[in-house]
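Colleague: Please find one structure pasted underneath; my questions will follow.
The values are calculated or read from the model by the stated rules, or taken from the named source; none is laboratory data. All figures in this text were calculated on a predicted structure; none of them were measured in a lab. Every residue, glycine among them, receives a Cβ derived from its backbone with ideal geometry; neighbour counts consider all protein chains shown.
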């Protein structure tokens, strides 16, 4: 059975101009989408209501890292979060490959030698945490505007 380990995962952000490999993130939570229900019950029904699936509501999650002021991607995440940057294309590269995302103009190029999760969203609310005998951690709110798409690798 083939499994994918979390160790070796990379997170990338594409803002339409450049791909930023987010160095040394400690976690990403994509949240759980919810789906509305559309009632489809006929007046003749006497036992139970019936429903159809409605629209999906993309979830709110978070991205975490231990602050390293020398790490420009940490500073970029804080800047984007303070600016409430939206429309960022995020790519989470699985540990089943090592290829990086590149950009050609305004398009991100995703290698087929690695599995990917991708979505569009924004970040906001940078919150530092100060716990005893720990590193200064940061959590930024991740608001997805699309569902998460999984693309398995197609070439070894």
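Colleague: Which of (1) surrounded by 19 or more Cβ atoms within 10 Å (Cβ to Cβ); (2) farther than 22 Å from residue 114 by Cβ is the odd one out, the single condition residue 63 does not satisfy?
Modeller: Answer for residue 63: the failing condition is (2).
Colleague: Next question, about the same structure. Name the strands (runs of 3 or more DSSP E) wholly within the range 15-82 that hold at least 1 residues that are more than 30 Å from residue 134 (Cα to Cα)? Spell out how you get there, then give the answer.
Modeller: Working: elements: 19-22, 25-29, 34-39, 51-57, 60-66.
Those strands (runs of 3 or more DSSP E) span 19-22, 34-39, 51-57.
Colleague: Residues of the range 83-96 being more than 11 Å from residue 12 (Cβ to Cβ), in contact with a strand residue (DSSP E or B) (Cβ under 9 Å, 6 or more places away or on another chain) and surrounded by 13 or more Cβ atoms within 10 Å (Cβ to Cβ), which ones?
Modeller: Let us first name the residues in the range 83-96 that are more than 11 Å from residue 12 (Cβ to Cβ), namely 83-87, 94-96.
Of the ones still in play, those that are also in contact with a strand residue (DSSP E or B) (Cβ under 9 Å, 6 or more places away or on another chain) are 83-87, 94-95.
Selection gives 85, 86, 94, 95.
Colleague: Looking at the range 127-137, can you tell me whether even one residue there is closer than 20 Å to residue 77 by Cα and either crowded, with 17+ Cβ neighbours inside 10 Å or at pLDDT below 95 (or both)? First the steps, then the outcome.
Modeller: Taking the range 127-137 and keeping what is closer than 20 Å to residue 77 by Cα, we get 127-130, 135-137.
Checking which are either crowded, with 17+ Cβ neighbours inside 10 Å or at pLDDT below 95 (or both) leaves us with none.
Taking every residue of the range 127-137 in turn, none turns out to be closer than 20 Å to residue 77 by Cα and either crowded, with 17+ Cβ neighbours inside 10 Å or at pLDDT below 95 (or both).
Colleague: Applying the selection to the range 60-96, what residues are free of Cβ contacts under 8 Å to residues at least 60 places away in the same chain and on the phi > 0 side of the Ramachandran plot?
Modeller: Hit for the range 60-96 is 84, nothing else.
Colleague: Also, quick follow-up: For residues that are in a loop (DSSP other than H, G, I, E, B) and more than 17 Å from the chain's Cα centre (by Cα), scanning just the range 99-115, find the one that is farthest from residue 16 (Cα to Cα). Walk me through it before giving the result.
Modeller: Step one: list which residues in the range 99-115 are in a loop (DSSP other than H, G, I, E, B), which gives 99-101, 105-106, 110-115.
Next cut, more than 17 Å from the chain's Cα centre (by Cα) only: 99, 105-106, 111-113.
Details: 99: 20, 105: 8, 106: 5, 111: 18, 112: 21, 113: 23 Å.
Checking each candidate, the answer is 113.
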